[in-house]
Each structure stands twice: as C-alpha cells, then as structure tokens.
Amino acid sequence: MAHTRDGFGRALLELGASNPQVVALCADLAESTRMLAFKEKYPERYIEMGVAEQNMATVASGLANYGKIPFMASYATFSPGRNNEQIRTTISLNNLGVKIVGSHAGLSVGPDGATHQALEDIALMRVQPNMTVLSPCDEQEAYKATLAAAAHPGPVYIRLAREKTPVMTAAETPFEIGKANIVWEADHAPEVAVFATGPLLYNALCAAKELEHAVPTVVINIHTIKPLDKEAIVSAARAAGAVVTVEEHQVAGGFGGAIAEVLAAECPVPVEFVGVRDQFGQSGTPDELIQHYGLDTASIAEAIKKVRQRKG
Amino acid sequence: MLVTDSKIKEIELKAEAIRETVVEMLVAAGSGHTAGPLGMADIFAAFYFYILKHDPANPAMEDRDRLMLSNGHIVPVRYAAMAHAGYFPVAECLTLRKFGSRLQGHPERLRMPGMETTSGPLGSGLGQASGYAYGARMDNKKFRVYCFMSDGEQDAGNTWEAAMFAGANKLSNLTALIDRNNIQINGMTEDVMPLENLRAKYEAFGWHVLETDGHNINAIISAVEQAKAIYEKPTLILAHTIPGKGIKEIEFDYHWHGKTPNKEEAAKFLAELRTMKGKIQSEHE
C-alpha cells in the first residue's frame with residue numbers, strides 16, 4: 001500500500017533535478033499534496049500562493065506563458081473546483097502547459113466529509129478542450145503520470161487520492177498518455193470488459209478474480225481519461241459484448257459518461273456504471289464510504305453479473 | 001519634460017486615429033463596448049508609440065515588454081493600436097467579431113500574434129501578469145510586464161489575491177494600470193460596489209501607487225517612467241480617464257459601456273473626432 005500523492009511527490013522531486021524549468025505552486029497544502037520535499041530542496045522554485053486557488057491558476061498560467069513548467073497543487077475540490085473558470089480561460093483556452101494536481105479526490109478522503117471529497121473533478125476537466133486528464137491507479141503510476149505530464153506540452157490534470165492504496169503496477173509497467181493497459185484477462189474469452197480508473201482498479205481486479213470461474217472478464221486500466229484510448233475500449237467492448245465502468249466519482253459526466261459516449265457512437269453494448277450517483281459524500285472511514293456508495297468489490301461483481309445478463 | 005512636444009503631438013494624433021478606427025470597427029461589428037476603448041485610446045497610443053519595447057514585425061521578440069490586457073472587453077482599442085503600429089493592416093480591424101477573424105470579441109493569444117494572453121472574464125489578468133513577472137525575474141529578464149485592468153474588475157476577489165501575491169513578492173518588474181473611469185455595466189462603480197479608497201488599498205497590499213490623468217500623454221509617460229524607477233515593489237498607476245473620451249455624447253455615460261453606435265451615430269461621432277485633432281492636449285494646457 002502507498003499513497004498516489006507520494007508517487008507525485010517523488011516524481012516532482014526528480015523533476016526538480018532533471019528539469020530546471022519545473023516550478024511548484026501550492027495553496028497552503030505543501031505537506032498533504034506532497035510538494036514539501038520539492039519546497040525544501042528547491043525553495044527558489046517553490047511558489048507559495050496561500051489559500052488562493054483562483055490566483056494559483058492565473059499565476060501558473062502566467063508562469064507557463066513565460067516558459068516555465070508549473071505544477072500547481074491543492075485538493076481537487078478547490079482546484080480544479082473553485083478555480084474552474086480561471087483554468088478554462090487562462091490555461092485551457094490559452095493552451096498553456098500548466099500541470100494541475102488535484103489531491104484528495106474521491107470519497108476515500110474519509111472523515112473530512114463531503115466538502116473535501118471531490119466527485120466532479122473529472123467531469124470539470126474532461127470537458128475543457130486542450131486538457132489532458134490523468135487518473136493514476138497507484139503510487140507507481142502517479143509517479144509515471146507526473147513525469148509524463150511534465151514532458152507533455154499542454155495542460156494536464158492529475159487526479160490523486162488521500163489514502164494509501166494497493167500498488168498494482170511495477171516500475172517496468174508501461175505508461176503512455178492515452179494508452180490503456182490490459183491488467184488482467186480470464187483464461188476464457190471475456191464476456192464482460194471492465195474499465196476502471198484510479199485506485200478502484202484494485203476492487204475491479206478483486207471482483208474479476210472472485211468471478212473468475214463464473215464470468216470471464218478482461219480488466220483494463222484507463223489511466224488517461226482524456227484523450228481516451230478509443231481503439232482499446234471499442235475493441236474490448238466489441239469482443240466482450242458488455243461493459244462495466246468503475247470510478248470514484250460521479251457517474252454523470254465522469255469516467256463512465258466518457259466511456260458511454262464512445263460506446264454509444266461506435267459500439268453500443270450494455271453498460272453498467274459503478275460510481276457515485278448524484279449524491280454528495282459524508283464523513284466515515286474510506287472502507288465504510290466505498291461500501292455505502294456501492295464502489296466495493298461486491299458491488300462491482302454485482303454489476304458484472306448484471307451486465308452479462310443484459311446481453312440477452 | 002521627458003518627451004519632445006512634437007513626439008507628444010505625434011502620439012496624440014495616433015490616439016485620434018485609434019479612436020476613429022475604434023468607432024469604425026464597432027459599427028462594423030454591431031456589438032461590443034464603446035466607452036472603455038475610447039477612454040483608453042490615449043494610454044494605448046502612449047504605450048504602442050512610445051513606452052513599449054516591441055517590434056510589430058516580430059511580435060515574439062524575446063526581450064519585448066509584455067502588455068497583458070486583463071479587461072479583454074476593451075480589446076478593440078488594442079487591436080486598433082496594434083494595427084496603427086503595424087502589426088496587421090488597419091483594414092483588418094473591420095473584421096472584429098466576425099466569423100473566422102483573428103480579432104475575436106475578446107482577445108485570444110493563440111489567434112493573434114502580439115496578444116500576450118487570452119482574457120475577458122474579469123479579475124484574472126493581474127494574476128497572469130504576476131506569474132509572468134515572477135518567472136521572468138527568476139531568470140533575470142530585463143523586460144517589463146504591464147497589466148491593464150478596468151476599475152470594475154476590482155470587484156473580483158482574484159484581483160486582490162493577485163495584488164497580495166505581487167506585493168508580497170515585491171514584483172518590481174510589474175506595472176499595473178487601472179482604467180479609473182468610474183463606470184461599469186450596472187452603473188457608477190461607487191454605486192455598484194464602492195471601490196474607494198483604491199490608492200490606500202493597493203498601498204496596504206504592498207504596492208507603490210501613482211495617479212495620472214489618463215488623457216495627458218506626457219503625464220502617462222511620466223508615470224510609467226517613475227514606475228520603472230521603483231525597485232522595491234510593484235507599481236500601480238491609477239489612470240483617471242473619461243469613459244467615451246472624444247465623443248461628447250458618450251463621455252461619462254455608463255449606458256455606453258456595453259453598446260455600440262449605429263451607422264448614423266457613428267457618422268456623427270467620426271465627424272466630431274475628425275474636428276478635434278489637438279484638442280485633447282489643449283485641455284491640459
């Protein structure tokens with residue numbers, strides 16, 4: 001188990017050494033967004049914004065416009081939540097290479113409650129032209145996503161979680177923006193394709209394993225929500241004939257919505273969506289919340305069984 | 001006296017040409033803002049024809065001064081100034097707000113070379129200019145960053161977040177200028193959301209504040225020169241302007257903030273503008 005935000009912090013520190021253009025902006029959350037190590041090692045390239053996420057976006061835009069590679073971090077509810085218009089106009093429309101790091105995304109923030117549990121950040125970011133949206137599944141992938149974001153010329157959103165989550169990928173697992181990874185495939189031809197994003201990939205894998213002998217599945221890690229790997233998605237959906245999407249986010253407008261848009265146009269098959277359904281979160285332990293909102297392994301297994309039945 | 005009388009005269013004539021172009025382009029566009037662009041014509045003329053280090057033939061010149069326009073809705077005056085400075089043909093100004101034009105209703109950096117950023121939504125220019133100035137200072141760049149704002153956008157929280165940031169970081173390579181024309185869409189600024197005491201507010205945020213007559217070319221240039229000499233903090237120039245300056249029927253009237261003249265009005269206004277060459281200077285003598 002490890003924090004995705006630690007993977008980000010580790011990569012940012014490396015970028016400090018390898019790329020002098022990288023600067024870090026933070027809205028008074030250096031420790032919890034894991035910018036602290038960069039701040040301590042490269043104080044001249046760390047820019048404290050105070051609790052001012054809107055200004056963080058505009059200042060980052062200015063820095064990128066000048067020629068820097070700014071990473072700006074806060075909690076996802078505030079950035080890209082509170083500063084959404086500033087991101088839209090000054091970063092996305094301007095097509096400037098600001099890297100927006102939204103930590104503490106999803107229900108698993110836990111005890112802090114609904115105010116701090118971002119469930120709409122994927123939706124906010126994926127509708128902005130020029131924006132790339134990355135949702136790494138574990139610490140290793142967050143590390144790679146951060147390095148890839150720095151090398152990518154345009155604006156990027158990276159979604160991170162608060163809690164420690166299982167590490168499923170290894171240093172040598174390939175990571176390429178826009179390229180989905182098949183993580184697990186049953187011995188028999190898959191009857192359901194499971195598309196998961198973020199740390200809930202682990203629950204998806206557990207559900208697939210649980211149903212190994214009942215329903216053969218293929219589990220695909222979609223770490224890039226925009227641009228989607230349409231080819232991989234359509235090909236897996238076509239082969240399996242049914243799809244389950246898994247995300248720690250509102251289904252509406254989110255990852256499930258994005259998959260449905262592709263499938264409706266290119267390969268209409270039954271889809272079951274595992275995600276939050278038009279509700280806010282609340283305080284609780286991450287496990288309690290994941291279970292209550294139906295994002296646990298059992299709920300994913302149910303969705304897999306249900307969608308297979310719908311194939312008719 | 002920093003500049004010769006003949007240079008001042010030349011800039012004033014440019015300001016008049018810019019005003020005429022602004023009226024012509026607004027009529028052609030049929031929508032947009034009138035009062036702000038006319039009120040800022042003298043300042044834009046002073047910048048594009050004297051203050052800014054720039055090269056219309058090479059808009060990406062590395063050591064050019066950067067002018068960020070925060071209140072993007074007055075961009076017609078910037079387009080007109082850029083056209084008269086030689087960035088593009090003056091005739092192209094008539095494509096303002098038309099489909100396929102580089103002259104978008106609100107400015108876009110990616111469409112128009114020399115347009116330093118994309119703006120329109122109010123309150124976000126000062127932060128962008130601050131970030132730009134911060135980055136440039138990290139690399140010891142010598143160019144200056146200017147940010148023009150409206151007074152109305154002093155209502156926006158982002159403006160004050162940026163003012164706090166620039167003050168705290170002592171961004172002396174940044175000069176901001178507020179078009180203090182006292183109007184916004186809903187009426188007089190002091191009725192809509194009182195802004196005063198703007199000078200004291202910016203001073204409290206760590207800025208050096210200068211005030212100038214926004215229609216006196218010599219005073220505008222002098223204020224910018226003073227700002228360059230302040231090395232310990234960013235400078236704000238409160239430029240007192242008359243909205244709609246140059247056309248009596250528009251001056252001071254907030255109803256002209258967000259509407260454009262029709263053809264008949266424009267003909268009258270252009271006639272008025274063409275008979276007033278040199279008049280602005282005489283008002284200050």
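The values are calculated or read from the model by the stated rules, or taken from the named source; none is laboratory data. Only a predicted model underlies this, so the values are computations on that prediction, with no experimental measurement involved. Cβ: placed from backbone, ideal geometry, glycine included. Neighbour counts: every protein chain shown.
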Can you tell me which of (1) farther than 23 Å from A:A207 by Cα; (2) part of a strand (DSSP E or B) is the one A:E176 doesn't meet?
(2)
Please count how many residues of the range B:123-132 are within 16 Å of A:A24 (Cα to Cα) and either touching a residue at least 40 places away in the same chain (Cβ under 8 Å) or more than 7 Å from every other protein chain (Cβ to nearest Cβ) (or both).
3
Scan (1) more than 14 Å from chain B (Cβ to nearest Cβ); (2) surrounded by 24 or more Cβ atoms within 10 Å (Cβ to Cβ); (3) of a type outside the set (K, R) for the single condition A:L63 breaks and write down its number.
(1)
Restricting attention to the range A:1-33, and to residues there that are of a type in the set (D, E, K, R) and closer than 20 Å to A:A171 by Cα, which single residue is nearest to the other protein chains (Cβ to nearest Cβ)?
A:E14
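Is the range A:86-95 home to any residue that is at the interface with chain B (Cβ under 7 Å from one of its Cβ atoms) and free of Cβ contacts under 8 Å to residues at least 24 places away in the same chain? Walk me through it before giving the result.
Narrowing the range A:86-95 to residues at the interface with chain B (Cβ under 7 Å from one of its Cβ atoms): A:86, A:89-90, A:93-95.
Next, only the ones that are free of Cβ contacts under 8 Å to residues at least 24 places away in the same chain stay: A:89.
For the range A:86-95, residues at the interface with chain B (Cβ under 7 Å from one of its Cβ atoms) and free of Cβ contacts under 8 Å to residues at least 24 places away in the same chain: present.
Taking the condition of being within 11 Å of chain B (Cβ to nearest Cβ) and either among the β-branched types (V, I, T) or not in a helix (DSSP H, G or I) (or both), how many residues in the range A:37-54 meet it? Can you show your working first?
Filtering the range A:37-54 for residues within 11 Å of chain B (Cβ to nearest Cβ) gives A:44-45, A:47-54.
Applying the additional criterion that residues be either among the β-branched types (V, I, T) or not in a helix (DSSP H, G or I) (or both) yields A:47-52.
Total satisfying the criteria: 6.
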Residues being free of Cβ contacts under 8 Å to residues at least 60 places away in the same chain and surrounded by fewer than 20 Cβ atoms within 10 Å (Cβ to Cβ) - total across the range A:14-38
10
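Keeping to the range B:159-174, report how many residues are assigned to a helix (DSSP H, G or I) and at the interface with chain A (Cβ under 10 Å from one of its Cβ atoms). Before the answer, list the steps.
Residues of the range B:159-174 assigned to a helix (DSSP H, G or I): B:159-168.
Of the ones still in play, those that are also at the interface with chain A (Cβ under 10 Å from one of its Cβ atoms) are B:159-166, B:168.
Qualifying residue count for the region: 9.
If we scan the range A:205-216, do we find a residue that is in the same structural domain as A:R238 (by TED's automatic domain parsing), among the small types (G, A, S) and in a helix (DSSP H, G or I)? Even if it seems obvious, please write down each step before you answer.
Step one: filter the range A:205-216 for residues in the same structural domain as A:R238 (by TED's automatic domain parsing), giving A:205-216.
With the extra rule that they be among the small types (G, A, S), the set shrinks to A:207-208, A:214.
Subsequent filtering for residues that are in a helix (DSSP H, G or I) retains A:207-208.
There is at least one residue in the range A:205-216 that is in the same structural domain as A:R238 (by TED's automatic domain parsing), among the small types (G, A, S) and in a helix (DSSP H, G or I).
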Among the candidates B:D179, B:D191, B:D155, single out the residue that is free of Cβ contacts under 8 Å to residues at least 40 places away in the same chain and either more than 11 Å from chain A (Cβ to nearest Cβ) or touching a strand residue (DSSP E or B) at 6+ places or on another chain (Cβ under 7 Å) (or both).
B:D191
